[in-house]
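These notes are about the structure you will find just below.
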Amino acid sequence: MNRFLSIIAFLVLVGFVGILLLKVPRLDLAAMILLTVGMVGYDFFVYKDRSGDH
């Protein structure tokens with residue numbers, strides 16, 4: 001269930017910043033969006049959860 005909600009949250013973020021980029025087409029904004037989505041994607045797809053650490 002957590003994985004499903006994480007995917008939904010990731011898609012909502014990408015949708016929101018995608019609409020923002022379409023309405024405000026700026027190169028610096030596109031770079032920040034790419035950096036943000038890249039960090040979120042890394043955290044979601046690459047980072048391994050350490051369930052023992054709290």
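The values are calculated or read from the model by the stated rules, or taken from the named source; none is laboratory data. Source: prediction; values computed, not measured. Note that we place each Cβ from the backbone using ideal geometry, even for glycine, and neighbour counts take in every protein chain shown.
Worth a mention:
- Residue check for Phe10: modelled with pLDDT under 90 and surrounded by 10 or more Cβ atoms within 10 Å (Cβ to Cβ): no
- The range 19-46, residues that are loosely packed, with under 13 Cβ neighbours inside 10 Å and β-branched (Val, Ile, Thr): Ile19, Val24, Val46
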